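Read through the structure below, which is laid out as structure tokens, and then see the notes.
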Amino acid sequence: MKEKAISTFSLCKEYRIGDSIIKAINNIDLEVTIGEFISIYGPSGAGKTTLLNLIGAIDTPTSGKIIVFGHHINAYDGADEDFLATFRATNMGFVFQSYNLISTLTALENVAFPNELAGWSGERSQKRAKELLKLVGLLHRADHLPIQLSGGEQQRIAFARALANNPPLFLVDEPTGNLDVETGLEIIRILEKLKVEGKTIIATTHDERILGLANRILHLRNGRIVTDVGK
Ligand SMILES: Nc1ncnc2c1ncn2[C@@H]1O[C@H](COP(=O)(O)OP(=O)(O)O)[C@@H](O)[C@H]1O
Ligand SMILES: [Mg+2]
């Protein structure tokens, strides 16, 4: 039997607004095997970002369970914030839709930052950051601030940062959503590389090229998985 990367059981996330309750994630049971590349598509508001944030323990569910690499990651199942911070830093690479780079840090510093935070020496984290900038084709922009870079370049820096400590799991939210078709191609190449390396990848997207790379495609609507198709 193949090893599980992620399992969710009756996962729910509700938002209460005034008298109404929005079921952003409505009873999701999902099993992800190590090495799978899953793409999730669905209309705006379907719950795609919420699902990624729950799996990444950035957000807490209203009810249900999530197990990632054998660990319960819900606070109510006993995972405390220190454990989660280390767990996230060791196991997960996030790429957010809006890049979330630190505006006062250069490209190199943004990529070096997670490893410095994890206690690496400045020299070692900078060396690793340079390798990663080279990998995403942006070594020549190492000293530039995010504001001096295009959207596509910022997204590549965000990927380099997510790769900093070589995590086994990548959670990627509409990585080409804000990019023109040509710029998006660089991102597709990075995802392809990660797939070849056997990383577990969950990417929300409407991009046919990313859907084409996936081993499995989920259609999410109203917080539910309406189709789950393996290829
Ligand atoms: N912080 C929040 N407060 C209230 N409602 C939210 C919040 N975040 C998301 N939602 C709602 O949850 C639903 C799912 O949102 P989201 O996960 O962002 O969808 P998607 O990423 O598929 O566009 C939407 O109805 C959205 O309005
Ligand atoms: Mg979203």
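Readers should treat all values here as calculations from the given coordinates under stated rules, not as data from a laboratory. Nothing here was measured: the structure is a model prediction, and the numbers come from that model. In this analysis, Cβ positions are derived from the backbone assuming ideal geometry, glycine residues included, and neighbour counts consider all displayed protein chains.
Our coupling estimate for the range 203-214, obtained by passing each phi through the Karplus curve with A = 6.51, B = -1.76, C = 1.60 and θ = phi - 60°, is 10, 7, 5, 10, 7, 4, 5, 6, 4, x, 6, 5 Hz, Gly and Pro reported as x.
The longest stretch of the chain left intact once loop-based GluC sites (Glu not before Pro) with at most 13 other Cβ atoms within 10 Å are removed from consideration, loops following DSSP, is 4-196.
What the phi angles of the range 57-68 give under the Karplus curve with 6.51, -1.76 and 1.60, with θ = phi - 60°, is a coupling list of 6, 8, 10, 10, x, 7, 7, x, 10, 9, 10, 10 Hz, glycine and proline written as x.
Taking only alpha carbon atoms, the range 70-198 gives an Rg to Rh ratio of 0.98, where Rh is the Kirkwood radius. Only the Cβ atoms of Lys and Arg (+1) and of Asp and Glu (-1) were treated as charged; on that basis the dipole of the chain about its Cα centre amounts to roughly 400 debye.
Computed from backbone phi, the HN-Hα couplings of the range 17-27 come to 10, x, 8, 9, 10, 9, 8, 5, 10, 10, 6 Hz, rounded to whole numbers (Karplus: 6.51 cos²θ - 1.76 cosθ + 1.60, θ = phi - 60°; Gly and Pro given as x).
From the largest down, the range 4-230 spans 49, 39, 38 angstrom on the principal axes of its Cα atoms. Rg and Dmax of the range 3-134, based on Cα coordinates, read 17.1, 54 Å. Taking other Cβ atoms within 10 Å as a rough exposure proxy, D59, D207, D80 sort from fewest to most as D80, D59, D207.
Can you tell me what share of the DSSP beta bridges in the range 4-230 is antiparallel? A percent to the nearest 5 is fine. Before the final figure, lay out the partial values.
Working: 24 of 41 bridges.
Bridges in the range 4-230 that DSSP calls antiparallel: roughly 60 percent.
FRET efficiency for the H206 to T33 pair, using the beta carbon distance and R₀ = 30 Å, is estimated at 0.80.
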